[in-house]
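S.K.: Shown below is the structure under consideration.
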Amino acid sequence: MDCAKIAGIGYLILAASISACTTPKHAEALAPSSAVAQLATYEKRDGALDAEKDFQNGKVHFLAVQGYALTVPGVDDFFPKFSHTYKYHVIEGTSDVIQNSRDLQLQATAESYARAYNLKLARLVELRSQPRKKENNPCISPATKTAPSSKA
């Protein structure tokens, strides 16, 4: 095969790849409305507050977002540090496919929410796992571990 044929075939493959990856102008109609509605709920929520509530209710899981790769925003060391003990939930509707400006805004909102949630949860989990320091009780003598005598 000569170079011209190879280049022509390469050009056709490249053109087909590019056309398959472009988003049509009517993409908003193609976006699943349930995913958009789900992501829109994060605009009015407070990630740190929700993490604290979940932690207090025993619902300890981190939040992940799906993009080019799955990430756990705010906790770069999630997999080596936390994954052996805690699970993660992927925020439904997150993706690396951005179809319009609203979609871009919602993806960024979901990532910001997840970051705030995960940062708060990581702090709470780390605090819970730290050994408690013994409190000094001024009524007990450290040498004798007995209450001081009331005889004076």
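Where a number appears in this text, it was derived from the coordinates with a stated rule and is not lab data. All values reported here derive from a predicted model rather than from experimental measurement. Heads up, the Cβs are rebuilt from the backbone with ideal geometry, glycines too, and the neighbour counts pull from every protein chain shown.
S.K.: FRET efficiency for residue 70 and residue 130, Cβ-Cβ distance as r, R0 = 25 Å, nearest 0.05?
M.R.: 0.30
S.K.: Based on the Cβ-Cβ distance of residue 34 and residue 56, what FRET efficiency does E = 1/(1 + (r/R0)^6) give at R0 = 35 Å, to the nearest 0.05? All intermediate terms of the calculation are to be shown ahead of the outcome.
M.R.: Values: r = 29 Å, r/R0 = 0.84.
Efficiency, rounded to the nearest 0.05: 0.75.
S.K.: Further question: What is the extension gain from residue 101 to residue 83, computed as 0.36 nm multiplied by their sequence separation minus the C-alpha to C-alpha distance, in nm to one decimal?
M.R.: Stretched fully, the residue 101-residue 83 segment lengthens by 3.1 nm.
S.K.: Could you list the trypsin sites (Lys or Arg not before Pro) in the stretch 26-107 that lie in coil according to DSSP, counting only those with at most 13 other Cβ atoms within 10 Å of their Cβ?
M.R.: 45, 59
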